[in-house]
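Please treat every number below as a calculation from the coordinates, not as lab data. The structure presented is a predicted model; accordingly, all values stated were derived computationally and were not measured. Cβ coordinates were reconstructed from backbone atoms using ideal geometry, including for glycine residues, and neighbour counts include every protein chain displayed.
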Amino acid sequence: MPERVQKAKRLLRGLVLMSALSSTAVLAAPRDLIIDTDPGADDVVALLFALASPEELKVRAITTVAGNVRLDKTSCNARLAREWAGREEVPVYAGAPTPLVRTPIYAENIHGEEGLPGVAVHEPKKGLAQGSAVQYLIDTLGGAEPNSITLAMLGPQTNLALALIQAPQIVKGIKEVVVMGGAHFNGGNITPVAEFNLYADPQAAEVVLRSGVKLTYLPLDVTHKVLTSEARLKQIRGLNNHASKLVGDILDAYVKGDMAHYGLPGGPVHDASVIAYLLKPELFSGRQIHMSVDSREGPTFGQTIADWYGTLELPANVMWIESGDAQGFFDLLSERLARLQ
Ligand code: BDR
Ligand code: CA
């Protein structure tokens, strides 16, 4: 066969393969997702990000937990995020008002009295869904196809822990749990060694870890590398819609504290990295490692012990994300916010 014909045939095979691949990408069903959250400035950015991405993420519900502020306030802010995203059909269930064992702590010093700095908070038009978040998790995960539902955990893990304690069999319905939490290389943000979400309910994190679900952790190690800058905030504001103005105002107020405290050139948007990871995991890198949580009283309370080098020779139980493409993250966030009103 002449070289010319062989070349044309190879080209044709390549084109057929490419079109098959692109039609698979278009046809891939969106991921079934429940977002468990304690809004919170960065939680609200994460919610807007996820709700603006329906092609990839089918947000079945938002479940709220006490954390950054009290449960009534986190539930109000979750409903506000849903309203701002124009996605009022997504139900919001309120969950646990207190952690499993420890006394509650809040982070009003970072997120403001209402849990949302930089913007005015009002009572959203639509109320909460009937029933508790914990019962919703039990019913939904219990009745789901095996390995079908992903959970994004953006706050203390109390709701999922309570659901797993009451109905351990629900683990079957879970495809994956992606957590914003923990710290190893970076050090902590609420104590020198503990990150806020783990410190706020370490016993809950232990229950989830022990359940054997597939777990991915996005700790401070990565979120403190994915930082705002003046140019990135300008990029968001330049989108010129209501959502981008809100995110610009929230982030302007939110990042200042961390920049001053850590001497960073910009601030982290922690929880939004979970959504970016679900949309574009190639922006991040990490390793399968063994991790444990310290829930003993004392200076290491709430610390995540991440065995990055495999020193303990124990089986890996989490995917620990260590770094991320910061500009890639802000480009993706901007692209998605541009779709909102
Ligand atoms: C985490 O703690 C909370 O204050 C933030 O919302 C984020 O989930 C960062 O440590
Ligand atoms: Ca949070």
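Summary of values
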{"quantity": "Rg in Å to one decimal, and Dmax rounded to a whole Å, for the chain via C-alpha atoms", "calculated": "20.7, 79"}
{"quantity": "Top of E322, E282, E176 by mean-square fluctuation, Gaussian network on the chain, Cα under 10 Å", "calculated": "E282"}
{"quantity": "Farthest toward positive dipole pole in segment 32-337 [+1 Lys/Arg, -1 Asp/Glu at C-beta], among G95, I289, Q235", "calculated": "G95"}
{"quantity": "Neighbour net charge for T150 - beta-carbon separation under 9 angstrom, K R +1, D E -1", "calculated": "0"}
{"quantity": "Student exercise, segment 83-146 dipole from Lys, Arg, Asp, Glu Cβ charges, in Debye to nearest 20", "calculated": "120 debye"}
{"quantity": "Positive-end residue, segment 32-337 charge dipole about Cα centroid, Cβ charges, pick of L251, A120, Y277", "calculated": "A120"}
{"quantity": "Size of electric dipole in segment 226-308: Cβ of Lys, Arg +1 and of Asp, Glu -1, about Cα centre, debye, nearest 20", "calculated": "320 debye"}
{"quantity": "Total charge dipole magnitude, segment 128-265, about the Cα centre, Cβ charges on Lys, Arg, Asp, Glu only, Debye to nearest 20", "calculated": "280 debye"}
{"quantity": "Three-way shape label, segment 199-341, alpha-carbon gyration tensor, a/c 1.5", "calculated": "prolate"}
{"quantity": "Candidates A120, A306, A41, ranked by Gaussian network fluctuation over the chain, Cα under 10 Å, top entry", "calculated": "A120"}
{"quantity": "Cβ crowding within 10 Å averaged over residues, with 44-54, 28-38 ranked highest first", "calculated": "44-54, 28-38"}
{"quantity": "For R102, net neighbour charge (Lys/Arg +1, Asp/Glu -1) across residues whose Cβ lies under 11 Å away", "calculated": "-2"}
{"quantity": "Helix-only CD estimate at 222 nm, as mean residue ellipticity for the chain, using -39500 (n - 2.57) per DSSP H run (n ≥ 4)", "calculated": "-12500 deg cm²/dmol"}
{"quantity": "Inter-label distance, nm, simple model (7 Å from Cα along the C-beta direction), E123/K245", "calculated": "2.5 nm"}
{"quantity": "Gain on full stretching of the segment that runs from E56 to Q169 - 0.36 nm per residue minus C-alpha separation", "calculated": "38.0 nm"}
{"quantity": "Taking segment 32-337 and dividing mean pair separation by its residue count, relative contact order in percent (alpha carbons under 8 Å, at least six apart)", "calculated": "19 percent"}
{"quantity": "Rounded Å value of the spacing that divides the Cα centres of segment 245-310 and segment 170-218", "calculated": "11 Å"}
